[in-house]
Every structure is written in C-alpha cells, then in structure tokens.
1. I'd like the Karplus ³J(HN,Hα) series for segment 220-225: coefficients 6.51, -1.76, 1.60, θ = phi - 60°, whole numbers in Hz, and an x wherever there's a Gly or Pro.
2. Once you've got the Cα coordinates, tell me which of Lys168/Lys188; Lys43/Lys136; Lys225/Lys303 are over 26 Å apart.
3. Return the sequence-ordered ³J(HN,Hα) values of segment 183-199 in whole Hz as given by the Karplus equation 6.51 cos²θ - 1.76 cosθ + 1.60 applied to θ = phi - 60°, using x for Gly and Pro.
4. In sequence order, what are the phi-derived ³J(HN,Hα) couplings for segment 73-83 according to the Karplus relation 6.51 cos²θ - 1.76 cosθ + 1.60 with θ = phi - 60°, rounded to whole Hz, with x for glycine and proline?
5. Eigenvalues of the Cα gyration tensor times 5, then square-rooted: what semi-axes does that give for segment 21-145, in whole angstrom, largest first?
6. Long-range amide H contacts for Arg220: which residues qualify at under 5 Å (H placed 1.01 Å from N, peptide plane, sequence gap of 5 or more or a different chain)?
7. Relative to the first principal axis of the alpha-carbon coordinates of the chain, what is the inclination of helix 152-168, with its axis defined by its Cα atoms, in degrees from 0 to 90 and to the nearest 10?
8. Ordered by packing density, taken as the mean number of other Cβ atoms within 10 Å over each peptide's residues, highest first, how do 74-86, 133-145, 91-103, 296-308 rank?
Amino acid sequence: MSTDLTSTEQRWLLLIHQLPTKPAYFRVKIWRRLQGIGAVAVKNTVYALPANAETQEDFEWLLKEIVEGGGEAMVCEARLVDGLSDAQVRALFDTARDEDYGALANEARDLASALDAAGAAENQAEARGQVVRLRKRLAEIAAIDFFGANGREPAEGLIAGLEARLTKDKAMTKEPAPVAADTIAALKGRIWVTRQGVHVDRIACTWLIRRFIDPEAIIRFVPGKGYVANPGELRFDMFEGEITHEGDRCSFEVLLARAGLDDPALQAIAEIVHDIDLKDGKFGREEATGIAHLIAGVAMGSKDDEQRIAQGSPVFDNLYQYFRKKRG
C-alpha cells in the first residue's frame, strides 16, 4: 500500500453504524463483512481501518449495504487526539490478526500430525488440497494484516514446511541442513534487517548475531508491512526473509543452523525461544515461562528496539552461561 501506516500521525477511517434489530441474519452478515475487511471495533458500533483508498472503498461498499438493509451508517476520517492512542488501536489490529494466524498455524500442525500418523499416498493427495486451502487463507489474512502482526512468520513457516514435505512426497527432515565451514565468515559485514517491535525471537536472533556471528553487525528495524529490501540486506524473522521460520522451526533455530553453530548451550536456548515463540510446547522447556515473562517485561518497558535489545541481551547472556556451566 502506498499509504505509510507507520507514520507518526496516523489517519483512521471510522464506520459509525446502527443496524435494525431484525432480521438477525443481517446483523451476522454485516459482522462477517467487517471481519472480512479486517476492521476492528473501537466502540460497540464504531469500527476502524487505517485510512487509504482501498480501505475507504471497503467501508463505502459496506455503508451502502447497511443502508440498503434498513440500517444507518456514516464513514469519517479521523486523527486520534485523546482516549485511545494510535499504538493502542494498532495493537487491536495486531491482536486480531495474531488470533487468525494462530488458528491457521494450529490447523497446519494438525495436518502435519495427521501426515505423520498416516503417510499413505491417498492421504497425501488429500493433504495437498488442504495445504492449498491453508495457503489461500494465509493470503487472505495477510491482505488485512495492516501493521505486520507477529503471527505471520510462524504460520508461513508451517505451511511452507507442509508444501515442501508434500512436494518431496516424504517427511521433511527435522535436522538442520549441513553448512559449510566458512558460513559465519560469509555472514560477517552484512546489513541485517528485521521488523520493528522486536520480541523474543528477534531479540534472541540479534543477540546471536552480535555475540557469535558479527559483533560489528549493522541491524536495522523496519516496518513489518510493505518493506522492500535493498540489495545485499539479510532479512531475519520477516515474511519472505532470507532467514525466517522454516517448517516448525523459529527464526533463531534457522539462524543457528545456517551459521553452523552446534554449541549445546545455544541449542538449549533455541528450544526455549521455540517454545515461547511458537507456543506449541514442542520441547517442554521448564525455563520457557520465566523467560517469556522477562522478555514481555522488556517489551512493555520500552518501545525502542535498540533499548529492548540492550535489556533483553543480558537475559540470553545469563542463559548461555547457565547452560555452559550446567553442561560442564
């Protein structure tokens, strides 16, 4: 979209409406239409979308539908002055999309489990149709993911893993692919790019890059939606990034494998990051809950990404020392 959705002065479109009490199906129809265009409720009868030509057209069509159904509606463009802040409204959008992505990720996991249990050719043929449906649904959610919610990368990785598995007609390996001995050297001197609003996976990746790969690494934080990469940049934990979720592995796990770092202490950290980020309990790490609270506190305490990195990195430093000594 051409409109900058992350500008300091965000403009919003508000649909203010009143529906007739009957028929009941009409109210359900309008509610589903609001969900379909990605609008979120800021009041009982007030829905918001970020202002641009496409969202305005969506609201205008919906207004017409409401009026034709016997209701009342108006669309206005607004700038928030008091009460809800722009950040709070964006968080409403991210929460709604994360719920959508989470449901999609659970479907992908269920399908993977079914393939593990069955594996017959006819089941795989049926699974291909289900994966096509999951991919279509992912595209639909992404189209209304206006601010780049965190849940997209895990869902994308799971679906891509299913696609790769079915294309090869065999179970996808769970072991990292072999890496060249000079992998870390090839990663030095690069410009790394990731989404703004860093949380556990991106904080852990940044720590890994600066601690074990390239202490002088340049890391840039960019909008999660609509960013066009410059030549030579390495995007991590971003949709279509060079290093991001693959199958059921989080970005930290993928980066660890690409860098060829086989340190058991780092692997233990990777399992914790996985359990926090994907919320699937794959490794059942008892440390995950405590570390999740620590990182959540870091994120709540600062909106600045570099500050989050500065405060979150010691958490992983201490974890690393703990696992090193525990192994010793």
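1. 10, 10, 10, x, x, 10
2. Among Lys168/Lys188; Lys43/Lys136; Lys225/Lys303, the Cα-Cα distance tops 26 Å for Lys168/Lys188; Lys43/Lys136.
3. 4, 4, 4, 5, 8, 6, x, 9, 9, 9, 10, 8, 6, 5, x, 4, 10
4. My calculation for segment 73-83 gives 7, 8, 10, 9, 9, 9, 10, 6, 10, 9, x Hz in order.
5. Working from the Cα gyration tensor, I get semi-axes of 36, 19, 12 Å.
6. Counting only residues 5 or more places away or on other chains, the set is Trp192, Val193, Thr194.
7. So the helix axis and the longest Cα principal axis differ by about 70 degrees.
8. 91-103, 133-145, 296-308, 74-86
The values are calculated or read from the model by the stated rules, or taken from the named source; none is laboratory data. Treat the numbers as computed from the prediction; the structure is a model and nothing was measured. When we count neighbours, we look across all protein chains shown, and the Cβ atoms used for this are built from the backbone with ideal geometry, even at glycine. Side chains are part of the model used for accessible areas, which takes the heavy atoms of the whole protein and leaves out ligands, DNA and RNA. Shrake-Rupley method; radii C 1.70, N 1.55, O 1.52, S 1.80 Å.
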